[in-house]
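The values are calculated or read from the model by the stated rules, or taken from the named source; none is laboratory data. On a predicted model such as this, the values are computed, not experimentally measured, just so you know. Ideal geometry is used to build each Cβ from the backbone, glycine not excepted, and the neighbour counts take in all protein chains shown. With ligands, DNA and RNA removed, areas are computed over all heavy atoms of the protein, side chains included. Shrake-Rupley method; radii C 1.70, N 1.55, O 1.52, S 1.80 Å.
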Amino acid sequence: MVIIVLVNLHIFRKDLLSANFRAKQEEFGREAFGFHPDTFQLPQERALLKKRMKEENYSRAYMVKLPNSYMGDGASVINH
């Protein structure tokens, strides 16, 4: 069932995948769509990311990836 739903989503672009994944989590719950890490699109969701980081007491590492077409160039991990 999950595969059928994902086929209809934009699965090849990270930005569209994260937006659609969040929508499916809201529709079906995190139990069904909790296997993907939470993703924040910057700068649009900067406030949500800052809120999450503060809630986690800045204790986790975050992976930063650039938009499409960069193919991993410039990706880094930040830890506050």
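Points to keep in mind about this one:
- Looking only at the range 38-59, residues that are closer than 14 Å to Ala19 by Cα and among the polar types (S, T, N, Q) come to 3 in all.
- Counted residues, the range 27-53 - those being assigned to a helix (DSSP H, G or I), over 12 Å from the mean Cα position of the chain (by Cα) and free of Cβ contacts under 8 Å to residues at least 24 places away in the same chain: 7
- Residues that are part of a helix (DSSP H, G or I) and modelled with pLDDT of 65 or more within the range 7-24 comprise Lys14, Asp15, Leu16, Leu17, Ser18, Ala19, Asn20, Phe21, Arg22, Ala23, Lys24, listed in sequence order.
- Any hit, the range 54-63, residues being open to solvent by less than 100 Å² (accessible area, probe 1.4 Å), assigned to a loop (DSSP other than H, G, I, E, B) and among the polar types (S, T, N, Q): yes
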